[in-house]
Number of protein chains: 2
Amino acid sequence: MVVDFESTDSARSGKPLRHAQSAVFPTPVKLRKGGTLPGVEVAYETYGTLNEDRSNAVLICHAISGDSHLARHDEHDEPGWWDGLVGPGKAVDTDRLFVICSNVLGGCRGTTGPATLNPVTGVPYGSDFPLVTVEDMVDVQKRLIDLLGIQRLRAVLGGSLGAHQTLCWATRYPEQVQTSVVIAGSARITAQAIAFDVVGRNAIQTDPHFHSGQYYGTHEFPDTGLALARMLGHITYLSSDAMTRKFDIDRHAPRDMVTDFEKRFSVGSYLAYQGEQFVGRFDANSYVTVTLAMDNFDMGDTREKRLDTLRSAECDWLVISFSSDWLFPPSQSRELVALMTTLGEPVSYCEVETDGGHDSFLLPDDIEAFGPLVAAKLGAPEPKSPRKSAEDDRIFELIPPDSSVLDLGCGEGDLLARLKERGAPLLCGVEVSTALIAATMQHGVEAIDYDLNVGLPEFDDNRFDYVVLSSTLQVVPNVERLLEDALRVGRRAIVGFTNFAHRTLREMFGLEGRAPKAPGPYSHEWYNTPNRRFPSIRDMLELCEKMGVTVEEARYYDDTHGRVIGDDEDANLAAETALLVLSKSSR
Amino acid sequence: MVVDFESTDSARSGKPLRHAQSAVFPTPVKLRKGGTLPGVEVAYETYGTLNEDRSNAVLICHAISGDSHLARHDEHDEPGWWDGLVGPGKAVDTDRLFVICSNVLGGCRGTTGPATLNPVTGVPYGSDFPLVTVEDMVDVQKRLIDLLGIQRLRAVLGGSLGAHQTLCWATRYPEQVQTSVVIAGSARITAQAIAFDVVGRNAIQTDPHFHSGQYYGTHEFPDTGLALARMLGHITYLSSDAMTRKFDIDRHAPRDMVTDFEKRFSVGSYLAYQGEQFVGRFDANSYVTVTLAMDNFDMGDTREKRLDTLRSAECDWLVISFSSDWLFPPSQSRELVALMTTLGEPVSYCEVETDGGHDSFLLPDDIEAFGPLVAAKLGAPEPKSPRKSAEDDRIFELIPPDSSVLDLGCGEGDLLARLKERGAPLLCGVEVSTALIAATMQHGVEAIDYDLNVGLPEFDDNRFDYVVLSSTLQVVPNVERLLEDALRVGRRAIVGFTNFAHRTLREMFGLEGRAPKAPGPYSHEWYNTPNRRFPSIRDMLELCEKMGVTVEEARYYDDTHGRVIGDDEDANLAAETALLVLSKSSR
């Protein structure tokens, strides 16, 4: 049932690309919002080799204007839209993985869509093509995966509309997805994003050449409307900063070109060019169909409904967002991560700092930044071995094997890696830099990009046995709220900190009357230290008492002399560092 | 030359509104980008009474889709677009001020525009209407002001395109403008904002009913294109958060309506409604003309050119931006303020916190927030008298009369108000809350909304005699950079702070081993204090030495006992508060 097609450039005829294979499914396909297709054809490309037990297959889902041509098949091939991520030795390593990418249902690159001949009428479907949902797209992909004899996908990946398909795969066919990578996605798009799509579709559908969608036979195409929609789309894919950088150098001196569109400003001629290029490679009915699928994708209008949707998933997740993406803002990815966290689903998350806007998931520089996260999620060939430190040793000892642990400020994840080696059931690190998150993930541990300033509202009660705060407290603005949350989320909290009231610091301040300094977190100058809080052991114990927190265990250390402070000593004077095991009081 | 018109609703015929008067200028008007109009007619409305010496006239400039009907003329009148700001007893108080608002050149509400009959051809100008600039709009307004016998405007105000006109007035006719209020403005719009306008104009100009702009005689109008442009404009006027709030309640259950546009989503039917309403009250050629004027407005592509443009201004300024305005982002207003600051032009600035987006300048809630700033700028009838404090008394004494002063963290501006009463030549306060900025401005002192975390890069060297930091240091993350900048911007800095090494604090920490507390800025708990820095007198003196800063004078106080610390005492131990006068070392 697998057929090779000749190359063609005509999106309007819905023909597949040069390297695409085609799978034909002659049985009827019932669509979710009503309507049936008598059968479907799916154009797809594959990369790498399916291994014997068929366990290395990765499905990649494309965005609105993408297609099956994900990457070069060889050095002479045309570049694909995700060449930076997919290929031999790349993050999605085709030396190890078998990668599949199919044109979406409703598209115009070989998979059944509005330009396909309707077998009932003998002419292209046009606007008779039924309303397609992301679920329908995924159902058709599922047929393909079954045809290829793949029981379970090692991973599903996608950005933008591809992220929606990925979310849908994970929740619709949970037993078939091991890992889901959701890039620049959301539980549903914003009202603002729908609004832009509405204007784009209105431009297409009010184009006099649209002929109610039945333009294929007329030799008139709604090119003007489609070009307008594409111009608008392009603006929303870029950040304002990136546009300024790109178009303000020669704002009033646009490139001259032959066009019916305005070419007054540098950005104007760019948009005219983009719009006119697009009509040569995309079909207006497909644009309407595919954007409507995206606009209708909706995991639920309340938190509860979204939790219900996500609950069926059995995969582990990687969620990636981009700081300057205003079409799919990072807050929407954070919300997905919060839902997964609530459900106890294993998830890593990173917000990549970039001015690339929504397009970032396609840009080489940004792929370089998030590629290592994807690579780590798909399993690095050689895991790192964790580095040891005295503080980690002490905390490691305090945690019983088989405990689940949340490490707030996990650094490179060394403590978590050791706990994982010992067989901990559930581990999660929290950090803020992409590099530290990637480093933690390379140990095979989940890590989340998370702002501790807001507490831990997204973590459920008693999710972990232990919450660790190791050398983290001094940078937290609201210590009380974070401690409260740590003891809500964890049954116990382990707090390790440098004692600000250690003798040498007290003397410095008490006798010399200046801000004390000590090796470690307090080695900064008073006028530019990143620290915000300067806890002493006494301060911490008093805060615990005030909060009704039980100190189950307290260990104090004289690090300079490598000794544990005895019970007969004044720890607040003698200890350089402290380790407290806290739990909620039974009061 | 002043004529009354009958009411008409037809924007397409370019007729003025019911209350509009018309001024006819029969002499030719040469336009800046080429082209001449044989004469112009200006439709305008006025509010309040021009006083005898003609010194109370305020010109208000409208935005793209605005008109001369600014406010109700009486209780039976239709609301105007700035009713919340302009009227008896309001921020722009028509009991005291004579307010003028004219329809812009190129508009469609009575002032000469594309729908006006071209006397040469006897048919409307259409697309023969010459390219209009903001400068041309202002030149025509200037004719009107001259005709009304007004030598000097008390103020010019405007938001969005109105802000551009205001900037243009101030720099083009500097001797005629006392005060300029620039709301949601910029030195030029962003490349992103131009891009949206380009798509809007393309929608209009590719509408088959556009007929190259000569559609007036055809009884076919480019309504579809104009509606699309308006839909797009609407999206850019709102914030994404506001759209979510407004349209996500019934996202998939839009209001039903008769329309050729898509009505699938709640936001879709809203846009369809807005688009269709707009074509009834606006002319497509005017939309093209007026948006092009906005897109071409450009105070220069470099900082130097923008400074050159602004240098001619002789007015004092009020600049207002809105936190969620992504079409004219606050960074653009801050840039204007930085230029004015560099030029030593008196300026107050406030970024109003709101989710209203660019539209905020028209929204009642936001007008309530920024109205007091406008009222204060235009001169409150009864100035407040400043409150006295011990710290202010001491600083006041240290500053010689006739000194210019920048007060970083000026609170309600009481110190500045006292310096003003004594006749200081140049005063400026810095604060971050709208209420404190308004309070400072009510003393007749300029105040700027400014983030001290970034230092003072926008203030020129030696702009002030004194820079005051009174009880501010403890919240500044980078003390070193701020001090450096303070001594670059001011010839001297006066730093008042609570001494963290005062005896009681030292004892608390040295003996008790816990974070010290004291009345005043250090009265917070260690775990949630807003303070970030805890300077002692010794720390500060050591930092000054390290920085090569001269301590010209140091005064130390035992506030509890109301006495000055003597030279024979250990100030760092005995003083509760310190006041240092610093200058750059001659080293």
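Here is the figure for the stretch A:9-34: residues that are modelled with pLDDT under 65 and surrounded by 15 or more Cβ atoms within 10 Å (Cβ to Cβ) total 1.
Could you tell me whether any residue of the stretch A:439-459 is touching a strand residue (DSSP E or B) at 6+ places or on another chain (Cβ under 6 Å), small (Gly, Ala, Ser) and crowded, with 24+ Cβ neighbours inside 10 Å? Yes; the residues of the stretch A:439-459 include at least one that is touching a strand residue (DSSP E or B) at 6+ places or on another chain (Cβ under 6 Å), small (Gly, Ala, Ser) and crowded, with 24+ Cβ neighbours inside 10 Å. Within the stretch B:429-437, does at least one residue satisfy the condition of being within 22 Å of B:VAL181 (Cα to Cα) and touching a residue at least 40 places away in the same chain (Cβ under 8 Å)? Within the stretch B:429-437 (the criterion being within 22 Å of B:VAL181 (Cα to Cα) and touching a residue at least 40 places away in the same chain (Cβ under 8 Å)), the answer is yes, since at least one residue qualifies.
Mind checking which residues of the stretch B:529-539 are surrounded by 13 or more Cβ atoms within 10 Å (Cβ to Cβ) and under 37 Å from the mean Cα position of the chain (by Cα)? Can you show your working first?
Step one: list which residues in the stretch B:529-539 are surrounded by 13 or more Cβ atoms within 10 Å (Cβ to Cβ), which gives B:529, B:531-539.
Answer for the stretch B:529-539, where residues must be surrounded by 13 or more Cβ atoms within 10 Å (Cβ to Cβ) and under 37 Å from the mean Cα position of the chain (by Cα): B:THR529, B:ASN531, B:ARG532, B:ARG533, B:PHE534, B:PRO535.
If you go through the stretch B:73-117 and keep only what is in contact with a strand residue (DSSP E or B) (Cβ under 6 Å, 6 or more places away or on another chain), within 19 Å of B:PHE370 (Cα to Cα) and either among the β-branched types (Val, Ile, Thr) or without any contact (Cβ under 8 Å) to a residue 40 or more places away in the chain (or both), you end up with B:VAL86, B:VAL92, B:THR94, B:VAL99. Residues in the stretch B:183-193 include at least one that is closer than 16 Å to B:ARG230 by Cβ, touching a Leu at 6+ places or on another chain (Cβ under 9 Å) and assigned to a helix (DSSP H, G or I).
Of the strands (runs of 3 or more DSSP E) lying entirely inside the stretch A:474-587, none contains at least 2 residues that are more than 11 Å from every other protein chain (Cβ to nearest Cβ), aromatic (Phe, Trp, Tyr) and touching a Lys or Arg at 6+ places or on another chain (Cβ under 6 Å).
Every residue, every condition in (1) under 24 Å from B:ILE565 (Cα atoms); (2) over 40 Å from the mean Cα position of the chain (by Cα), yes or no:
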{"residue": "B:GLY496", "(1), (2)": "yes, no"}
{"residue": "B:PHE500", "(1), (2)": "yes, no"}
{"residue": "B:ALA515", "(1), (2)": "no, yes"}
{"residue": "B:PRO521", "(1), (2)": "yes, no"}
{"residue": "B:TRP526", "(1), (2)": "no, no"}
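Within the stretch A:118-157, being touching a residue at least 40 places away in the same chain (Cβ under 8 Å) and on the phi > 0 side of the Ramachandran plot holds for A:GLY126, A:GLY149.
Looking for something in contact with a strand residue (DSSP E or B) (Cβ under 8 Å, 6 or more places away or on another chain), of a type in the set (Gly, Ala, Ser) and in a helix (DSSP H, G or I) - is there at least one such residue anywhere in the stretch A:168-180? Yes: the stretch A:168-180 contains one or more residues that are in contact with a strand residue (DSSP E or B) (Cβ under 8 Å, 6 or more places away or on another chain), of a type in the set (Gly, Ala, Ser) and in a helix (DSSP H, G or I). Would you check which residues across the stretch A:363-387 are surrounded by 12 or more Cβ atoms within 10 Å (Cβ to Cβ) and in a loop (DSSP other than H, G, I, E, B) and list them? Passing the criteria: A:LEU363, A:LEU378, A:GLY379, A:ALA380, A:PRO383, A:LYS384, A:PRO386, A:ARG387.
Of the residues contained in the stretch B:229-236, none is found to be within 7 Å of chain A (Cβ to nearest Cβ), over 15 Å from B:TYR270 (Cβ atoms) and buried (at least 24 other Cβ atoms within 10 Å of the Cβ). If you take the residues of the stretch B:241-273 that are out of contact with any Phe, Trp or Tyr (no Cβ under 7 Å at 6 or more places or on another chain) and under 20 Å from B:ASP325 (Cα atoms), which of them is surrounded by the most Cβ atoms within 10 Å (Cβ to Cβ)? Applying the filter and picking the extreme gives B:LEU271.
Looking only at the stretch B:13-36, filter to residues that are aliphatic (A, V, I, L, M), assigned to a strand (DSSP E or B) and touching a helix residue (DSSP H, G or I) at 6+ places or on another chain (Cβ under 9 Å); which one of those is nearest to B:CYS108 (Cα to Cα)? Spell out how you get there, then give the answer.
So in the stretch B:13-36, the residues aliphatic (A, V, I, L, M) come out as B:17, B:20, B:23-24, B:29, B:31.
Cutting the leftovers down to assigned to a strand (DSSP E or B) gives us B:23-24, B:29.
Still in the running and touching a helix residue (DSSP H, G or I) at 6+ places or on another chain (Cβ under 9 Å): B:23, B:29.
Numbers: B:ALA23: 15, B:VAL29: 18 Å.
Across the stretch B:13-36, the extreme among qualifying residues is B:ALA23.
For residues in the stretch A:203-226 being within 8 Å of another protein chain (Cβ to nearest Cβ) and in contact with a helix residue (DSSP H, G or I) (Cβ under 6 Å, 6 or more places away or on another chain), which is surrounded by the most Cβ atoms within 10 Å (Cβ to Cβ)? Can you show your working first?
From the stretch A:203-226, those within 8 Å of another protein chain (Cβ to nearest Cβ) are A:203, A:205-206, A:208, A:224; that's our starting set.
Now drop any that are not in contact with a helix residue (DSSP H, G or I) (Cβ under 6 Å, 6 or more places away or on another chain), which leaves A:203, A:206, A:208.
Details: A:ALA203: 30, A:THR206: 22, A:PRO208: 13.
Checking each candidate, the answer is A:ALA203.
Restricting attention to the stretch B:52-111, the residues that are over 22 Å from the mean Cα position of the chain (by Cα), buried (at least 24 other Cβ atoms within 10 Å of the Cβ) and of a type in the set (Gly, Ala, Ser) add up to 3.
The C-beta contact set for the stretch A:242-257 (first residue more than 9 Å from every other protein chain (Cβ to nearest Cβ), second residue among the hydrophobic types (A, V, I, L, M, F, W, C) and not in a helix (DSSP H, G or I), distance under 7 angstrom, 6+ apart or interchain) comprises A:PRO254/A:PHE265. For A:PHE297, the conditions (1) in contact (Cβ under 8 Å) with a residue 60 or more places away in the chain; (2) more than 14 Å from every other protein chain (Cβ to nearest Cβ); (3) more than 17 Å from the chain's Cα centre (by Cα) are fulfilled apart from (2). Annotation: B:ARG422 fulfils all but one of (1) among the charged types (D, E, K, R); (2) crowded, with 18+ Cβ neighbours inside 10 Å; (3) more than 16 Å from the chain's Cα centre (by Cα); the unmet one is (2). B:TRP169 meets each of the listed conditions (1) touching a Leu at 6+ places or on another chain (Cβ under 9 Å); (2) among the aromatic types (Phe, Trp, Tyr); (3) surrounded by fewer than 20 Cβ atoms within 10 Å (Cβ to Cβ) apart from (3).
If you take the residues of the stretch A:172-202 that are away from chain B (no Cβ under 14 Å) and of a type in the set (A, V, I, L, M, F, W, C), which of them is surrounded by the fewest Cβ atoms within 10 Å (Cβ to Cβ)? Show your work before the answer.
Step one: list which residues in the stretch A:172-202 are away from chain B (no Cβ under 14 Å), which gives A:172-185.
The next check asks that each one be of a type in the set (A, V, I, L, M, F, W, C); those that pass are A:177, A:181-184.
Details: A:VAL177: 22, A:VAL181: 30, A:VAL182: 28, A:ILE183: 28, A:ALA184: 31.
Applying the filter and picking the extreme gives A:VAL177.
Of the residues making up the stretch A:550-575, those that are over 17 Å from B:ARG514 (Cβ atoms) and surrounded by 15 or more Cβ atoms within 10 Å (Cβ to Cβ) are A:THR550, A:ARG555, A:TYR557, A:ASP558, A:ASP559, A:ILE565. In summary, B:GLU545 fulfils each of the numbered conditions (1) touching a Leu at 6+ places or on another chain (Cβ under 9 Å); (2) more than 22 Å from B:LEU505 (Cβ to Cβ) with the single exception of condition (1).
Of the residues making up the stretch B:198-245, those that are more than 12 Å from B:TYR287 (Cβ to Cβ), assigned to a helix (DSSP H, G or I) and under 30 Å from the mean Cα position of the chain (by Cα) number 13.
The values are calculated or read from the model by the stated rules, or taken from the named source; none is laboratory data. Quick caveat, the model's predicted, so the values are computed rather than measured. Glycine gets a Cβ as well: all are built from the backbone with ideal geometry, and neighbour counts include every protein chain shown.
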